[in-house]
Structure formats: structure tokens, C-alpha cells
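One structure is given below, represented as C-alpha cells, and several questions about it will come after.
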Amino acid sequence: MVSGSVNRGEKLSTVKLAVVQYGILFLMLGLASGLWRLQVLDVDNYRQLAQQNRIRKEPILAPRGKLFDRENRLVVDNYSSVTCFLVREQSRNVDADLALIAKGLDLDIDQLRATLHRFRNQPGYQPIPIKQDVTPDEQAFIAAHRNELPELETIDEERRLYPRDGFAAHLIGYVGEVSEEDLNNPRFAYYEPGDVVGKAGVEETYDELLRGQDGSREVIVDSRGREVGYFGIEHAVPGQDLRLTIDNDLQRAAELAMGDRNGALVAMDPRNGEILAMVSRPSFDPNDFAVKINRSAWNKLVTDPDHPLMNKVIQAQLAPGSTFKILMSVAGLEEGIAQNMHIVCNGGWGPYGYYHHCDEKHGAVDIHNAIPYSCDTFFYMLGDKLGIDRIAKYATAFGYGQKTGIDLPGEQAGLMPSPQWLIHNFHHRWYPDETLDVAIGQGAVEATPIQLARIIGGIASDGHMVRPHVVFPNQLPAEFRRSLLDSFPGSGDAYVPMDPNTWEIVTDGMADVTEPGLYHTAGSAHLEGIDFAGKTGTAQQMSHEALAKTNKGRNTYPNVWFVGATPRRNPELVIAVLWQNGEFSYYPARIAAKVVTAFVDKKRRMAGNLPPEKPQAPVEVGAIWSSPDGQRGAKNGETAADRIHGGHFYVENGQIVAARKTAPQGGAAKAGGLQWMAGSAGQENGARGARPTETAAALPERRPEPRSNAATQSRGDH
Amino acid sequence: MALRRFLSFRDFDWWLLLLLLGMCSVSLIEVHSTTVHTRFARFPEMQMIAMGGGIALMFIFARIDYHRVLDWAPWAYGTGLLALGAVLSPLGHKALGGRRWIKLGPMLIQPSEYVKLVLILMVARYFANLGGRYLSWKDILKALALVGIPMELVLKQPDLGTTLTYAPILVAGLFLGGINLRQAAILMTCAAVLVGGVWSSGKFLKSYQKARLTSFTNPSADPKGSGYQVLQSEIAVGSGGIWGKGSERGTQTQGYFLPIPYTDFIFAAFSEEHGFVGAIFVLLLYFLILMRLIQNAQTAADLPGSLIIMGIVAVLTFQIAVNVGMVIGLMPVTGIPLPLMSYGGSSVLFTFLALGVAMNVRMRRFVN
């Protein structure tokens, strides 16, 4: 055995080995105590951490309630959309990835950083929405970069789909991501960053009902964020669908009638306050807000001098002009003054040194024609007799200077001046001369279209005033209904007793406004067969802020109003139209007339009450006419008789349905007078070929008017 | 020589073998649990083969006279250094960010594991030859060089964990070889200065290695980065509670939150799935194995035998302490596997090989 190189004489000291043994023992005890600390003392903490590690709460977004019109036709729908979220804890270094994410998803990197900054206090597993309505291209980008950008997640959700072209946009409002300022507001206490919230109109007022309640799913994930199963599921509670009071047909008619005119229109059922149509111009497309609106589009909307985002129906406070004379008439009659006034209008009145003009020299005026004439002179004198205090008393009783309490955010109260108001705000006394301006709805008086609709509608309903609303209250939870009344205070439902004579005189006067007649202000808005009453208004003065703008080269035509009702007493529809800088007050009256026609037409159609279109048997018509080139004289040896033609036709609904051949010959030419007529008719109609002129022969039964043509003939049923 | 008795397996340490087999079962259970739902599902099989091979090797080496093994040691040492050099050359096989393996046919051999055993033998041989007398500074420096050269080579791979496992061999040799207090104090001061120098110079340690070494003190400071492994490991162990979540039911383990749960963090995985009770059971097994080995060292026939066993004890103790310490957040993350438990063929083979030599020491305790 070769072992000489190894010393084997010594042995290890037992003490040293004992030291090693005790060392190992202490080491093991140390490790055991470490295990004790983790697994026994801190077990709850670590169990929780382990749960947090693998369990992620994934939101299930509640679909927002849909909006329907009064006949349950869909107005606001939802559509499926893909949203991209960023989950910070799924990436080692989110900041380094931002540039790539911004590029791939077409985002502004600074905006992206700002978004992340807002979520800085949220836990890392909280998904942060960074892009909504992700396009298929961007989805492909996310899928292709799943390894490089594990923090990106997508989720399918329902998004808002609004009617196009701003249809009822101001009434509906829009939704948007809750802003950081909102989150600090107690009203938004139950919102979280990234939540979508109603920001205007019905979407804002009824947000609590529409939003529903998001659910969540507890998903088990592995360290790479892959879903390996799930625990509990808390289903989302969909938002409540709401039925609006608007009528799509009437709304459409109102939108078309308003066209692009700057102003507002509101149609209301004065029996219950249901808003049937509401238009504000210019409008905007709320779909731009459904996805986060980009900054330039937003700036354009908020800097537009015509205020597209403003709902002018409830927010435009302007001098009501002559529409105020209805209130004046009521006050004057109730006080027993107006019925005894018989004045002569010489074009104005100026008892206090300043001459107040009237539009016309109306001559003899009393309360019965003062309203259709809109005679300023009469109302100057009436106002002077009443005095500002009595005017203010009646105006306030009917709701001037107060919000109506409509269930839309941002309503303005308008203004009814009084001596107290003047002293309080402008520190000078009321001069009686100022009453004259107030009497014709100028001076400091300001009203919103919805106020005028409520007031005039109330007066036409014998003093029964209503609270306007856009959502049927019977579908609301009782508690919400109560809080709604508190949140939107206003003059609301009220009854102002009126003498029956007052009621009759005022409403008859309003009906005369649209009756054609000398000095009648809106005779051109007359509707045959429809009891359509109303009052025009022309207001030179605009709101203070608007006045400042008008001087900058914009047109300074007066704002014109029309407030109408149909029928004149106990109306079913009251409509207020405002056309800013519209010049003549019968223009808005015609707009209102169109809407009223649409309303009445629909009512009659629904009731099967339209005048029946009688099927008419083809009518035989005899006619003579000349050749088209007849006026250029004889050609190719033709005689005048050769150019005159005659024949018989069967005409039904303005169309020729059959012709009976007749040879052109001199028979007809015998009548010289007819030749003249035929010649002139040939000039008009020759280009359209052989067509009988309507003037050519006497027709049985119906005789078409000279102006009417084939297209309108069938509808000439007035 | 004449008194030499016939070597018999009656003197084989069957109790130790039983403890080792217990350890192996624990290892197989946990390697199975951590890999069964992954693409590494064949790992338990391969681990079993390595263990079978290891036990066979152990029986073979138990029959070889350790004195003869000690005689081979210088040659083995030379070969080891060459192999470590080869690893660093293009012959080395690269994986997991380090150049640690040599490809031998279908097998990947990790020479640093082999060198570990060789170092144990060399240090035992060196100090045995010094005969337990007081060490001169020259002796100490020689011992330092003996261990320092392979340490340097392994550090270059880079494999900090294995490098560190060489140190306890030297420490055990010096302690048992007869270093006195003054020398120990001076050496420790030097070591402290050296470590401080290495740390601050930044030349020898890569920054990720440094981050790993310090993050254990406060893993929450960088939960996504350097603190991730420690934090997830602590969560795994802590959430296991007293009785554990059950085999294949550890959420941290099965959800891949625990990094490489079948090697370095196998103890965390085991603690999560089998709780405090299971973890203490494993520690107890280790304690018994170590005590048994020390008893064998005590009863060894001569100094070199004792020194061999104590070298093995030093390495095993160090690895257990550092690995378990790392898993429960008391030690830095160094990438040291848990002997007899972590998955890894080379580690298993050489551990059993070393134990085979230790067996031989025991079997020869009455020989002479």
C-alpha cells in the first residue's frame, strides 16, 4: 500500500469537532427560526401576498342603459368596441416601452405619460385604459408584440352610439372619461379613474341610472399574466334603459325646420311638461365624445362664438321681446286695466322725454288687436299704468327669472328686473321710463326658450304651469325621483288662477297673430285647418356677452322669437323658437308652423283622421295646343292651322294616363280665341312635349288653380 | 499493515445511506411536483437516474482505499484545473448566462462540481501532511493558493455560487489543521479587506451579481427587478403555513412566480407545498446526515480520513446554510444548489462520490 505520502499519526481534536457540531446545530436552529417567522408568524401576510400575486380583478364593464324615444324607438345605442389597457405590473419597465406603445397605438406619448401619472396611486395590477376604439391594425400590433409588451391587454366593451348629425345632441348629451377634477368632487365619489361618465344632457342627469354597475372576475394568472382559471364572478348590472319624452318624428321635423339657423327650438306638451322636441343650433356630434375627443376638435367646439356645446333651449338668456306682451296682457286684464284701454297708435309714445317707437302707426288699438299687431304703443301705455312692481309680480308668478326645473344640467334662470334688483345690482333707482322697455320685453328682461314655452303654454292652459322634463318619471326609482326634484329646483308645476275672460282674450289674440290680416305679425305662418296661436318677438338687445361679440363685424340683426301653441286653448303642443340674428319675427313663426304641421299631421294620421285621398276616376280632358316652334312663324309652308293641335286625354292625379288619338286638323282652329290661349300655353309647356295645358279646357268637378302643378295637386286638400 | 482487517460492508454506514435515501425521496417528490405541469416533466426520471448512478458510484468508491484516492489527488487536481481552463475556452458549453459545462458526448459535465471534490481531497491531504502542528504563514499561504487558483477560474465562468462553496473547504482545513487565533484574526481581517476591495473596485463582480447579493436585505425596494426572486421565494415559503398547500398545489410554484423551482429554489417550493412541518423535517434530515458524518470523522482511523469527511461536512453545511438562508431571505441570492435536493446530475453524482469516499473512511476506521 503506497501511503507514505500521507501522515496518519494525528487525530482530530474532539473539542474542535464538538465546536463544529454545535455550530451546525445553531445554524439549523437559525434556519428553523427563519422558517418559523415566515410560515407561522407572518403566514397571513404572505398568504395575502400570494393571493395578490395570482389573483387579478378583471372588470366586467356594465353596458350603459340605452335611450328610447316616447314610442320606444331606439335613440342612443351601444356598440362593441375594443379598448386597450396597460397593466403596469406585467412589465419590468413600463417607461422604456412607452415610446413603442405610443407609436404602435398612434398615441401622443405625453398624453400617455399623463394618463399613467393619473393612476400612479393605484395598485400595479389595476388596468389603465390607454386607448379606446382600437382599430384592427392596432389590435394586430398588440398581438404581435405580446412578448415585448406583455403589459398591454385588450378588452371588448360596449360603447355609446349616438344619432348622427347632432340629432337631439343637446338633449342627450354625451359621455366621457371622468376627469381628475371630477374625481375630487364628492358627487363622483363612487367613480374610479377611467370610468365613463355622463357629461351633459340626459347622460349627465341620469348617469347614476344609465351607468349600471361594473362587475368583476377574479382571474387566476401565472407569473406571465396568463389566465389559468378564475374564482368568483360578479356579474355586471346593466344600466337602466330610459324612455325619453321626445318624439323622433317631431324631433326630426324640428331639426329640419331649424336647418342651420343659429338658435333653439323646443316643443313641449303643456299638459304634462313632456318635451317632444329640443333643438339647439349650432350642434355637435356626440359620437366625437364617445371616444376621448382630441384636443383640436375640443378647442374648436369651445371657442366657436356660436357655442355649439351650449344647449340654448335652457341656457340662452335673451330678451324675450314682444313675446313678453302675453304676460303683459294677462297682467293688464287681471288688474282690470287692459280691457278699458282704447288708444291710438301714432308710431310710438314718449311720456318721459325719450320717445319710444312702435313699428307701425297702428291707429286705433285695444287689447283684442294689440296682441296680433304687437303694438308697442299699447303696451308702453299698459306698462306705464301697471308699473314695474305689478309687472314683476305677475312675471314672477308665471316663472320669469326662475329656472323651470327641467331635468337637464345647466339651466339658466333668466332675469325679471324689479326696482329691488336694480338697486341691489346697479345701485340706482328705477325710473318709470325703464318700465316701458320692460313692457315690450326689452330692457333687462331675459328669458330662455324653455321658460317661454312653459309660461306661454301655461297661460294658454288657463294658468296650469308644468315642470318640463325629458325623461318619463314613472320609470325612475322613487328615491332617484325625489333627489331629481332637489337637484333641479325651479318653478316647476304651478297653478296661477286666471279670470276666464283673460284667458279667452289672450288666447284669441294669439290665434289672430297667425291669422292673415293687416298688421298681423305672423300672418304668413297661417295654417289652414289648424288652430295655431302664438306670439312673435323681436329683441334688439342681446345678452351682455353676446352684445360684445356682435360688434365685431358679425350681423347685428335682432334675435327673433316665436312662441306658439296648438290649439289656442288647452293646447297639446307649445313651441318656442329662437333664431339669433334672424331679422324678422315671422321667420321663426314659419319654423314653428312647420313643426306644428308635422305634429298635427302625425296626430291625424295616428287617429286615422287625415282627410281621405279619394281615388279619382280618370277625367277626360279635351285640349288644343300649338307646336313648340309655333312662335317663330311659318316654316316649310306650314299654315298656322297646321301648328295647332287638339286632342282628348284621360288625366288621373295630374298624370296623363291615356290619350285618345285625334288628327290635327282645322276643326279646333275655328275658335280664334282658343288659338291665342293655345299659343301661349305652348310656349310654356312645349319643351316638355305634348302636354295639355291646364288652362286649355274646362274641367268637370275640380278646377285646378292656375299655379298648381301635377306634384301638388293630389295634396291640395285644404 | 499486517493488522489490516478485511474490508467488509458490515462496516458500511447503512444508517447514513437510509438518511440519504430519505433525502433523495424528498428531492424526487419535489422535482416531480415542480416540473410535472411543465415541459420539464422528465426531470424526476433523469434525477432518479443520476441518483442511481450516484449511489452506485458511492458503493464503488466506498471500496477504494481513500489513501489511494488521496495519492491520486494531485493528478486529479491538475486535471481539474485543466478542465476549468477548458470550460473557459471555446470548448465550454454556454447556458443561463454562464460558461460552466463541458460537452462530453451526450453529457454535460460541470467541472466545478468535480473540482469541489478534488479540493476536499487536496486540502485534506495537505493538512494531514502538516500533521496537525502549528501552521506557519508559509503553510497558510500555500493552502490559500491551493484553493485560490480554482476559485479564480470558476469565478471567471462566472459562477459565484460554486466559487463560494470552495471557501468552506479551506476554512475547515485551516480550522481543523491547526491555525491559531492570531493567525485566524489576521486572515479574517485580510479577507474582510479583500472582500471590501473586490466589492468596491467593481472589477471582479458584475453589477447584476452585486445587486443580487444585496437585494435580500430589502427585496421590496425593487420587487420587479433584483428583489423579485427573494420576494417571490419568501412569499412561497410564508404562504405555505404550517401544513403547506399540498403537493402540486403551491400557487407560487405552479404559477411560475418562483424562479427555477426545481433547482436553486426547490426548498422554497417544498416549503410552500409541505409547510413548516415539511421544511423542518428536511432540515432535520440534513442535521442527522451531518451529525452522522461528523461522528464518522471522529471515529476515522487517521487525520486524513477525518479531514476528508470534515471537508465534505463543510461543503454540505455551507450549501445548506446559504441555500436555505437565501430561500427564506436571510442570505443573498448566489445560485448555490441545495445538495441532494436540487435537480442537477453533476451535483448529485459528485455529492454521492464524495460520500462514497467518506464511507470508505468509515469502513476503514478499524483498519490499521
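Only the coordinates and a few stated rules stand behind these numbers; no lab work does. All figures in this text were calculated on a predicted structure; none of them were measured in a lab. A quick note on method: Cβ atoms are made from the backbone with ideal geometry, for glycine too, and the neighbour counts reach across all protein chains shown.
Report the Cα centroid-to-centroid distance between segment A:465-484 and segment B:67-141 in angstrom, as an integer.
Cα centres, segment A:465-484 to segment B:67-141: 89 Å.
Given the pairs A:57/A:199; A:66/A:199; B:103/B:206, which span a C-alpha to C-alpha distance of over 19 angstrom in this model?
Values: A:57/A:199 27 Å; A:66/A:199 16 Å; B:103/B:206 26 Å.
Among A:57/A:199; A:66/A:199; B:103/B:206, the Cα-Cα distance tops 19 Å for A:57/A:199; B:103/B:206.
Direction-averaged shadow area of the convex hull around the Cα atoms of the protein assembly as shown, nm²?
On the way: hull surface 286.8 nm².
Projected area, direction-averaged: 71.7 nm².
Let me ask something else. Considering all alpha-carbon pairs of segment A:57-243, what whole percent are spaced by more than 27 angstrom? Could the numbers behind the result be given before it?
Details: 5851 of 17391 pairs.
So the portion of pairs separated by more than 27 Å is 34 percent.
Grab every C-alpha pair in segment A:7-112, bin the distances at 5 angstrom width from 0 up to the longest one, and report whole percents.
Per 5 Å bin, starting at zero, the Cα-Cα P(r) for segment A:7-112 comes out as 2, 7, 8, 8, 7, 9, 8, 8, 7, 7, 6, 5, 4, 4, 3, 3, 2, 1, 1, 1, 0, 0, 0 percent.
Return the average number of partner chain Cβ atoms within 10 angstrom of each residue Cβ along peptide A:47-56.
5
Average partner chain C-beta neighbours within 10 Å, per residue of B:64-76? The partial results should precede the final answer.
On the way: counts 0, 3, 2, 7, 4, 0, 3, 6, 0, 2, 1, 0, 0.
Per residue, the average neighbour count from other chains is 2.
Another question, if that's okay. What is the spread of the Cα atoms of chain B along each of their three principal axes, largest first, in whole Å?
Cα extents, longest axis first: 62, 51, 42 Å.
Moving on to the next point. How many angstrom separate the Cα center of segment A:348-368 from the Cα center of segment A:224-282?
Segment A:348-368 and segment A:224-282 have Cα centres separated by 47 Å.
In addition: Quick check of the Kirkwood formula: for segment B:152-222, what is the inverse mean of 1/r over all pairs of different Cα atoms, in Å? List each step's numbers first, then the result.
Working: mean 1/r = 0.0709 Å⁻¹.
Kirkwood hydrodynamic radius for segment B:152-222: 14.1 Å.
Counting every Cα pair in segment A:252-606, what percent are over 30 Å apart?
Working: 20964 of 62835 pairs.
When all Cα pairs of segment A:252-606 are counted, 33 percent exceed 30 Å.
Non-local amide H neighbours of residue A:160 (under 5 Å, H modeled in plane, Pro and chain starts lacking H): which ones?
Sorted by chain and number, the residues that satisfy this are A:79.
Could you derive backbone 3J(HN,Hα) for segment B:305-316 from the dihedral phi with the Karplus parameters 6.51, -1.76 and 1.60 (θ = phi - 60°), listing whole Hz in sequence and x where the residue is Gly or Pro?
In residue order, the calculated couplings are x, 4, 5, 4, 4, 5, x, 4, 4, 4, 4, 4 Hz.
Using a 10 Å cut-off on Cβ to Cβ distances, tally the other chain neighbours for every residue of B:245-257 and report the average as a whole number.
Mean shielding count: 3.
For the peptides A:398-408, B:186-196, A:121-131, what is the packing order when you average, over each peptide's residues, the other Cβ atoms within 10 Å and list the highest mean first?
Numbers: A:398-408: 24.5, B:186-196: 11.4, A:121-131: 17.7.
Taking the mean over residues of other Cβ atoms within 10 Å, the ranking is A:398-408, A:121-131, B:186-196.
Quick one: which of B:23-29, A:299-305, B:87-93, A:34-40 comes out on top by average Cβ neighbours within 10 Å, and what's the full order, highest first? Provide the component values of the computation, followed by the final result.
On the way: B:23-29: 19.0, A:299-305: 11.4, B:87-93: 14.7, A:34-40: 20.9.
Output ranking for B:23-29, A:299-305, B:87-93, A:34-40: A:34-40, B:23-29, B:87-93, A:299-305.
Out of all DSSP beta bridges in the protein assembly as shown, what portion is antiparallel? Express it as a percent rounded to 5.
Working: 88 of 91 bridges.
Here the share of antiparallel DSSP bridges comes out near 95 percent.
Something else about it: Over chain B, with a Gaussian network built from C-alpha contacts below 10 Å, which listed residue (B:197, B:311, B:148) shows the highest mean-square fluctuation?
Highest fluctuation among the options: B:197.
A follow-up question, please. Counting each DSSP H run of 4 or more residues in the protein assembly as shown as -39500 (n - 2.57), what helix-only mean residue ellipticity at 222 nm follows after dividing by all residues, to the nearest 500 deg cm²/dmol? Don't skip to the end; give the middle numbers.
Working: 39 runs with 501 residues, N = 1086.
It lands at -14500 deg cm²/dmol.
Another question about this same structure. Give the peptides A:471-478, B:315-322, A:281-288 in descending order of average Cβ contacts within 10 Å, highest first. Intermediate results must be reported in sequence, preceding the final value.
Working: A:471-478: 13.9, B:315-322: 23.4, A:281-288: 19.4.
Highest to lowest by the protection proxy: B:315-322, A:281-288, A:471-478.
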